[in-house]
Amino acid sequence: MTKSGNTRGFFRNALDSLIEARARQASHYVAGALLMLDDETLKAHGYSRETLKKTARAPYMF
């Protein structure tokens, strides 16, 4: 059997899923840390407290 060049292997898919999960986990952590800053600092750096709250509360598997 020959493998098509477009199909991805099991281990590559598993690695991609792991990387995506860790990126979401890091995003939640950073959002939580940024929520400790005052509103003026958040605004100066282009963040919104409401958006960060949504990001910090979004569910993830790990």
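Looking only at residues in region 31-62 that are under 19 Å from E20 (Cβ atoms) and of a type in the set (S, T, Y), the one that is modelled with the highest pLDDT is T55. Selection within region 1-29: residues that are among the hydroxyl-bearing types (S, T, Y) and outside any helix (DSSP H, G or I). The member of this set that is modelled with the highest pLDDT is T7.
Quick check on my filter: what residues within region 39-53 are farther than 14 Å from H28 by Cα and aliphatic (A, V, I, L, M)? Residues satisfying the conditions are L42, A44.
The values are calculated or read from the model by the stated rules, or taken from the named source; none is laboratory data. None of the values given here were measured: they were computed from a predicted structure. Here the Cβ is made from the backbone with ideal geometry for all residues, glycine too, and neighbour counts use every protein chain on show.
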